[in-house]
């Protein structure tokens, strides 16, 4: 029996190590998440096999449980102080809760000396599946296709508006068939035509577009490697083409979320006088990154006022983005307050972000540009398997987010002056 238990323990922990290696190869940017999670799971498995083999006294088992819970707190504290994304921390808590539940069930069985060989086998498979789930962080956010707000005064009859091109040719994190699905549906409902843009950026290819949306572009090298070096998403000639296109009357909506996305479009943004800070900008004084007219963090201007009072934006919520230093000839949309900090992805140090922007706009030559330091605010998403945890325009915490998107597009379309 003892050798049988050892074999099962060795097999289960071997599976965990294989899963860890696969997750590291596939998502190296998640090392600080997958490694602690794997070690915790191996600790749980080893403890359960020891308990099944009756090698721990009752007192020893309770000590073991205490150590296990304390071990769970370590990555949670790391997530808090280093300020990872909220949904990553939430996922950690959910998985930790599942593991604790499994651990208690195993303890209950072993305390009563009930054979649970089948339970141990199932437990190993569950743990292995959970680690694979943890190793796929990109799939934690799923589009919410049910989001469908009413538009009282559509800008155009359906299908009669100009073409909005969504760049999807630069390994973009947000695409029309996934995270920007609700975004495209909303703009279509407002009368615009929307299409993915998967070609190289040239003056010729941009001719068909009235508005060009860039969201979280990356260089191929950084798609699964969110560490230095950060390579530019756009080639020099593409940057020159976009700059000239805007100056001659084009409209650019430039969105770059938290690291590494700001670094990927740094050169492009600088052409228009904007400087993205590569890092994680978030409000340490609150669980939510909230902007409002009341706190003066959301500016009152032509975009936030809209065409009439029904289109006025009073508050919005963002979901951890980047900070932007804007030029003097730009007007702010969202301004980071005293509680905001920027976490450097390399040093992990926190610096004050007070006074920086997370959204602004300006005219450039004959054209227009809006910059945004957060993308999820213009999406409609939920946490995988947890549809009540909403992120984006569908969240009940931010009923004005979708209106800010519409107003921004209207300004880029020369409909707000």
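Give me log10 I(q)/I(0) at q = 0.21, 0.25, 0.27, 0.28 Å⁻¹ for region 342-403, Debye formula, one equal scatterer per alpha-carbon, no solvent. Each listed q corresponds, in turn, to -0.97, -1.00, -1.03, -1.06. Here the peptides 153-162, 184-193 are ranked by packing, the mean other Cβ count within 10 Å, and the order with the highest first is 184-193, 153-162.
Per residue, the convex hull spanned by the Cα atoms of region 141-413 amounts to 122 cubic angstrom. Cα extents for region 137-275 along the principal axes, largest to smallest and rounded to whole angstrom: 46, 40, 24.
No value in this document is a laboratory result; all are computed from the given coordinates. Predicted, not measured: the structure shown is a model, and the values here were computed from it. Because the Cβ atoms are built from the backbone with ideal geometry, glycine has one as well, and the counts that use them run over all protein chains shown.
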